[in-house]
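Beneath this line is the structure, given in structure tokens, with notes to follow.
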Amino acid sequence: MDDWGIKGKTALVTGAAQGIGAAVARALAEYGARVAAMDRDAAKLEAAVADWRGSADGLSARAYPADVADSAVVEQTVGRIEEELGPIGILVNVAGILRPGPIASTSDEDWAATFAVNATGVFCVSRSVVRRMAARRSGAIVTVGSNASDVPRMHMAAYAASKAAATMFTKCLGLEYAESRIRCNVVSPGSTDTAMQRALWQDEATGEQAAVAGSPETYKLGIPLGKIATPADIADAVVFLVSDRAKHITLQNLRVDGGATL
């Protein structure tokens with residue numbers, strides 16, 4: 001795994017307490033990174049990090065509880081990470097929330113909260129980290145978006161719009177900092193087996209089948225591969241894009257959705 005260029009680097013992963021964020025954090029630690037795990041759920045984050053560090057491999061990870069939408073806290077935390085773990089060479093923006101519902105019943109607070117985490121959080125953390133990466137002329141950033149950022153979805157307007165904003169921001173970030181040799185890409189999952197996904201299911205027993213089959217009445221296609229993703233599937237794509245095996249790839253959006261985006 002040494003030729004992946006991850007071993008020994010400091011990697012910051014947001015939304016690391018559960019789901020895709022936890023899978024990404026663990027995968028990077030398994031590849032030898034020193035992982036700074038960030039999440040606003042301090043208790044769940046500490047438990048996840050304790051599990052990784054207590055594993056047979058003794059993975060290198062440390063918890064940094066923080067709200068990604070609070071720019072002052074983010075700046076302070078990023079500075080502390082670099083002091084304690086070393087210069088950040090990898091950033092993965094995973095933190096996200098979903099508040100589904102029809103547009104007419106979406107409250108101001110629902111809209112603002114969704115953008116605060118899914119878009120402003122990506123901006124705050126990326127801005128803080130990229131300033132430091134630019135001085136070193138090195139770094140890789142991946143934002144975990146959603147295939148909903150390209151395809152209109154019923155009852156997901158705030159989520160889809162916020163993910164579209166985060167996707168375009170990340171591409172603009174990559175363009176501005178290409179001269180500093182910083183690569184910025186997006187990984188866009190489709191339906192993935194996480195707590196967020198399961199919260200959308202009306203029936204736990206048939207939820208995955210419904211996601212695979214699609215929903216013509218809501219104009220949602222199914223999944224050609226016939227299954228939803230696991231968090232590890234998404235983590236594998238992220239690991240590739242931050243590694244040296246993707247050293248000439250930037251400004252791209254890799255959809256990991258089993259072909260759902262036709």
(message) If THR192 satisfies all but one of (1) buried (at least 21 other Cβ atoms within 10 Å of the Cβ); (2) over 30 Å from GLY5 (Cβ atoms); (3) not aromatic (Phe, Trp, Tyr), what's the number of the condition it fails?
(response) (2)
(request) Just give me the residues in the range 1-51 being hydrophobic (A, V, I, L, M, F, W, C), farther than 22 Å from GLU83 by Cα and more than 18 Å from the chain's Cα centre (by Cα), in sequence order. (result) MET1, TRP4, ALA43, ALA47
(request) From (1) among the charged types (D, E, K, R); (2) outside any helix (DSSP H, G or I); (3) at pLDDT 95 or above, pick out the condition that doesn't hold for ASP203. (result) (3)
(request) Any chance you could count how many residues in the range 8-32 are surrounded by fewer than 24 Cβ atoms within 10 Å (Cβ to Cβ), at positive phi and part of a loop (DSSP other than H, G, I, E, B)? (result) 2
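I'm checking my understanding of the structure. Among residues of the range 218-237 that are of a type in the set (D, E, K, R) and not in a helix (DSSP H, G or I), which one is farthest from VAL187 (Cα to Cα)?
Of the residues in the range 218-237, the ones of a type in the set (D, E, K, R) are 220, 227, 233, 236.
Those still in the list that are not in a helix (DSSP H, G or I) too: 220, 227.
Working: LYS220: 20, LYS227: 18 Å.
If we take residues in the range 218-237 being of a type in the set (D, E, K, R) and not in a helix (DSSP H, G or I), then LYS220 is farthest from VAL187 (Cα to Cα).
Check whether at least one residue in the range 205-220 is at negative phi, in contact (Cβ under 8 Å) with a residue 24 or more places away in the chain and surrounded by fewer than 20 Cβ atoms within 10 Å (Cβ to Cβ), and report yes or no.
First pass over the range 205-220, keeping only residues at negative phi: 205-213, 215-218, 220.
After this cut, where a residue has to be in contact (Cβ under 8 Å) with a residue 24 or more places away in the chain as well, the list is 218, 220.
Among the residues that remain, those that are also surrounded by fewer than 20 Cβ atoms within 10 Å (Cβ to Cβ) are: 218, 220.
Yes, the range 205-220 contains a residue that is at negative phi, in contact (Cβ under 8 Å) with a residue 24 or more places away in the chain and surrounded by fewer than 20 Cβ atoms within 10 Å (Cβ to Cβ).
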(request) Could you please tell me which pairs satisfy a Cβ distance under 8 Å, a separation of 6+ or placement on different chains, a first residue in the range 43-54 that is surrounded by 13 or more Cβ atoms within 10 Å (Cβ to Cβ), and a second residue that is in a helix (DSSP H, G or I) and of a type in the set (A, V, I, L, M, F, W, C)? (result) ALA48/ALA22; ALA48/ALA25; TRP52/ALA25; TRP52/ALA29
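The values are calculated or read from the model by the stated rules, or taken from the named source; none is laboratory data. Values in this document were obtained by computation on a predicted structure and should not be read as measured data. FYI the Cβ positions are ideal-geometry reconstructions off the backbone, even for glycines, and counts take in every protein chain you see.
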